[in-house]
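As C-alpha cells, the structure follows; a few thoughts come after it.
The values are calculated or read from the model by the stated rules, or taken from the named source; none is laboratory data. Please read these numbers as outputs of a predicted model, since none were measured by experiment. Methodologically, a virtual Cβ is constructed for each residue, glycine included, from the backbone with ideal geometry; neighbour enumeration extends over all protein chains shown.
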Amino acid sequence: MQIPFARRTLASLLLPATAALATPGTTAGARSPRPPAVVPVAASVPARQAPRTSADTFYVNKSVPLTVDALNRLTTFWSLFLHEPNRYPEWLKHQRTYIVAIPTSTGQRLATTKFRGLNMVTMAAAYPSIAADLKKAGLTPTQWNTFRNAVLGAAYTEDLEQQGAGTPIPYAVVQRNIALLHAHQAAYENFKAGMLNDGGSD
C-alpha cells in the first residue's frame, strides 16, 4: 500500500506496507518465511504514557547523524546476511518490538510508531558467522541497531508531518538525516533493497 502523498516520503519508500503513524490500534506487516528486517505496527499515544516494558523505545532526537558511508555499510552487511543459512523460525527469538518516539508540538503529544526488528546484538552473540558479516561490513552490532533506528526515525518523522498527524519538533539531527536520505537516493535505495528484497518480505 502506498501512502497517497504528492511525493513519496521516506517511510513509504522504506516500508511498502506501512501506514507510518496511523490511527491507534491499526497494524501492518505480514508473516514471511524469512523474518523481514522491520515489521511496522503503528500507533499514537499521549505524551508521558509509559511504553510497554517489553519494547525498546528510541527517541528520534537521540538519533546519530547519518552518512552515506553508514548507509553503504548497512547495505554491505545486509547483502552478506542474506547469504546466511535461513534459520527461520529460530531467528524470531531475536526479534524485538521497538518504539520510535517522535516528540511533537501538537498538544504536547508524543507520537509513536512500533516495529518488529532483528536485534543484531543478540544475533551476533548467538551466531559467529553473523558477527563475522558485521565485521566485514565495518559495523559493530550496536552500530547496526543505532544506524537502523536513525534511518527509521528520519523516515517516520517525515511521514508524520506529511500525513498531517502532528507537527514534529524540528530537531537538527533528524532534519539533517532526512535531507541526507533524499540527497543520496541511490545509497538509500540500496539500503532498502537489502532490507526488503530478502525473499521473505511482501
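Please go through the stretch 126-148 and pick out each residue that is in a helix (DSSP H, G or I), small (Gly, Ala, Ser) and touching a residue at least 12 places away in the same chain (Cβ under 8 Å).
Those that are in a helix (DSSP H, G or I), small (Gly, Ala, Ser) and touching a residue at least 12 places away in the same chain (Cβ under 8 Å): Ala126, Ser129.
What number goes with the only condition from (1) free of Cβ contacts under 8 Å to residues at least 24 places away in the same chain; (2) surrounded by 17 or more Cβ atoms within 10 Å (Cβ to Cβ); (3) under 15 Å from Trp78 (Cα atoms) that Glu161 does not pass?
(3)
For the stretch 102-113, how many residues are at positive phi and not in a loop (DSSP other than H, G, I, E, B)? Even if it seems obvious, please write down each step before you answer.
Residues of the stretch 102-113 that are at positive phi, as a first pass: 107-108.
If we keep only those that are not in a loop (DSSP other than H, G, I, E, B) as well, we get none.
Number satisfying all stated conditions: 0.
Inside the stretch 162-184, can you point out the residues that are under 15 Å from Asn61 (Cβ atoms) and either acidic (Asp, Glu) or in a helix (DSSP H, G or I) (or both)?
Residues satisfying the conditions are Ala172, Val173, Val174, Gln175, Arg176, Asn177, Ile178.
Pick from the stretch 166-186 the residues that are over 17 Å from the mean Cα position of the chain (by Cα) and buried (at least 20 other Cβ atoms within 10 Å of the Cβ): which of them is farthest from Asp69 (Cα to Cα)?
Gly166
Is at least one residue of the stretch 78-97 in a strand (DSSP E or B), at pLDDT 85 or above, within 13 Å of the chain's Cα centre (by Cα) and under 27 Å from Thr167 (Cβ atoms)?
yes
Among the residues in the stretch 114-121, are any over 22 Å from Asn61 (Cβ atoms), of a type in the set (A, V, I, L, M) and assigned to a strand (DSSP E or B)?
Yes, the stretch 114-121 has at least one match.
From the residues in the stretch 135-161 that are under 13 Å from the mean Cα position of the chain (by Cα) and among the polar types (S, T, N, Q), which one is nearest to Tyr59 (Cα to Cα)?
Asn149
Just to verify a result, which residue in the stretch 98-114, among those that are small (Gly, Ala, Ser) and within 20 Å of the chain's Cα centre (by Cα), is nearest to Ala187 (Cα to Cα)? Walk me through how you get there before you give the answer.
Kept after step one, since they are small (Gly, Ala, Ser), are these residues of the stretch 98-114: 101, 105, 107, 111.
Subsequent filtering for residues that are within 20 Å of the chain's Cα centre (by Cα) retains 101, 111.
Working: Ala101: 25, Ala111: 28 Å.
Out of the qualifying residues, it is Ala101.
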